[in-house]
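*Asks:* For reference, the structure I am asking about is given below.
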Amino acid sequence: TDQILREKLYGTNAAPTKTGYWVDYTRWHNAISRKDTPHTEMDSATTSWTSSLNDITRFLWDILIGPLTQRLQQLEIHQASFIPLGLLSLLPLHAAWKIDRSTSTGRHYALDDILFTYAPNAHALRAAQKKNIRNYNSLLSIGDPDGSLPYTGDEASIVFNQFLMMQSRLLIGKD
C-alpha cells in the first residue's frame, strides 16, 4: 500500500505523463502564486489538480476511509480525530468519497457520516481535550443573505434547530 500511495502522490516512472496528487497540487499552487502565470497554464494546472484531487479522495475512500467510517458507525462513534503521519499527512483524508447517485453531487463524503478533525500528534490532541471549553449562550445563524447560495438557508436552519435551548436568532434571505 505504501508503494501505491507514493505513486498516487508523486506519479510513476512507468507513466511519466501521469503525475500524482502532490505534484499536481504543487504545480497548481505555484501557478496561482505567480502574478504572471498565463491563463492557459493556470487552466491546465487547475484541471490537473482537480482531477488528481478527485482521484486521490475516491481512492482514499476505498482503501482507508470507507472501512474506517463504517467501523466507527458500527461503534456509534460520530466524531474522530486524524493524526496522520508520513505520506498520509499530505492528503485530505476528510474529503474521501464514494459514488452516491441519490445526492445532488453524486457523492457521499466521509464527513457526511463522521465529524473528522485533525491533530498534529496525540499529545496536542489530549491537551486540547483537557482545555476548558467555553459555554456559549447565544447563536446567530445566517443563511444565504442575498439569495445567491442555494441550500445554505436550509443548512442554517438545521444548525439553528440544534441550539433551540439558548438565546438564538435565525436570519435567512434579506431578514
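*Asks:* Which residues, counting only those in region 88-114, are open to solvent by less than 30 Å² (accessible area, probe 1.4 Å) and not in a loop (DSSP other than H, G, I, E, B)?
*Replies:* Once the filter is applied, which keeps residues that are open to solvent by less than 30 Å² (accessible area, probe 1.4 Å) and not in a loop (DSSP other than H, G, I, E, B), region 88-114 yields Leu93, Ala95, Trp97, Ala110.
*Asks:* Related question: Could you check region 47-64 and list, in sequence order, the residues that are open to solvent by less than 50 Å² (accessible area, probe 1.4 Å) and farther than 24 Å from Leu111 by Cα?
*Replies:* Result: Ser48, single match.
*Asks:* Answer yes or no: is there a residue in region 17-35 that is in contact (Cβ under 8 Å) with a residue 40 or more places away in the chain and over 30 Å from Gln129 (Cβ atoms). It would help to see each step written out before you state the result.
*Replies:* Step one: list which residues in region 17-35 are in contact (Cβ under 8 Å) with a residue 40 or more places away in the chain, which gives 21-22.
From what's left, over 30 Å from Gln129 (Cβ atoms): 21-22.
Checked region 17-35: at least one residue is in contact (Cβ under 8 Å) with a residue 40 or more places away in the chain and over 30 Å from Gln129 (Cβ atoms).
*Asks:* Let me ask you something else. Could you say whether any residue in region 85-106 is acidic (Asp, Glu), modelled with pLDDT under 95 and more than 24 Å from Leu5 (Cα to Cα)?
*Replies:* Within region 85-106, none of the residues are acidic (Asp, Glu), modelled with pLDDT under 95 and more than 24 Å from Leu5 (Cα to Cα).
*Asks:* How many residues does region 1-31 hold that are more than 28 Å from Ile63 (Cβ to Cβ) and either modelled with pLDDT under 90 or not in a helix (DSSP H, G or I) (or both)?
*Replies:* Adding up the residues that qualify gives 0.
*Asks:* Would a scan of region 60-79 turn up a residue that is modelled with pLDDT of 95 or more and assigned to a strand (DSSP E or B)?
*Replies:* No, the conditions are met nowhere in region 60-79.
Conditions (1) touching a Gly at 6+ places or on another chain (Cβ under 7 Å); (2) of a type in the set (Asp, Glu); (3) farther than 21 Å from Leu115 by Cβ, marked per residue:
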| position | (1), (2), (3) |
| --- | --- |
| Met42 | no, no, yes |
| Ala45 | no, no, yes |
| Trp49 | no, no, yes |
| Leu68 | no, no, no |
| Glu76 | no, yes, no |
| Ala80 | no, no, no |
| Ile83 | no, no, no |
| Lys98 | yes, no, no |
| Thr103 | no, no, no |
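The values are calculated or read from the model by the stated rules, or taken from the named source; none is laboratory data. Only a predicted model underlies this, so the values are computations on that prediction, with no experimental measurement involved. Positions of Cβ are generated from backbone atoms using ideal geometry, with glycine treated the same way; all protein chains shown enter the neighbour counts. Surface accessibility is based on the protein's heavy atoms, side chains included, excluding ligands, DNA and RNA. Shrake-Rupley method; radii C 1.70, N 1.55, O 1.52, S 1.80 Å.
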